[in-house]
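A quick write-up on the structure given underneath.
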Amino acid sequence: LLLLCYTEEAAVIVSGLKNTDVFVGESATFTCELSYPGVKNVQWWLDGSPLHNNFVTEISQQDGMIHTLTLNDVACHDSGTVTFRAGSLISSAKLLVKGILLLE
């Protein structure tokens, strides 16, 4: 019988956030994968402001290891730095929201 004990200190970021460009009104999705489940104090930020689950901001996790943030119906002012923090682990990426130029 082999019993594995995962400690929060042993967790690392397997796959970090990637820079994302979207157009106004689209959704932007960021994913961060950790090596172990159960890391405490998971938080998402946009330009230093903490994000919370609501109809615009969808925060989810799969198996406690794959953490996903989806920002729906983005506007130009949503452009900035998205940061994922889990315990002492941090990953950041840029969100660029592009306007649609209408030519008459």
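Data for the structure
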{"item": "At most 13 other Cβ within 10 Å, DSSP loop - chymotrypsin sites (Phe, Trp or Tyr not before Pro), the stretch 1-97", "result": "TYR6, PHE55"}
{"item": "Residue-normalised accessible area of the chain, given per residue in Å² at a 1.4 Å probe", "result": "65"}
{"item": "Formal net charge of residues neighbouring LEU51 (Cβ-Cβ distance under 13 Å; K, R +1; D, E -1)", "result": "-2"}
{"item": "DSSP bridge orientation in the stretch 13-98 - percent antiparallel, rounded to nearest 5", "result": "90"}
{"item": "Net +/- balance of residues flanking VAL97 in space, Cβ distance below 10 Å, scoring K and R +1, D and E -1", "result": "-2"}
{"item": "The stretch 13-98 - percent of accessible surface contributed by carbon and sulfur, probe 1.4 Å", "result": "51"}
{"item": "Within-12-Å neighbourhood charge of ASP73 [Cβ basis; K, R +1; D, E -1]", "result": "-3"}
{"item": "Rg/Rg_ref, the stretch 13-98, where Rg_ref = 2.2 N^0.38 Å and atoms are Cα", "result": "1.02"}
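The values are calculated or read from the model by the stated rules, or taken from the named source; none is laboratory data. Just so you know, these numbers come straight off a predicted model, no measurement behind them. No Cβ is skipped: glycine too gets one built from the backbone with ideal geometry, and neighbour counts run over all protein chains shown. These area figures cover heavy atoms from the full protein model, side chains too; ligands, DNA and RNA do not enter into them. Shrake-Rupley method; radii C 1.70, N 1.55, O 1.52, S 1.80 Å.
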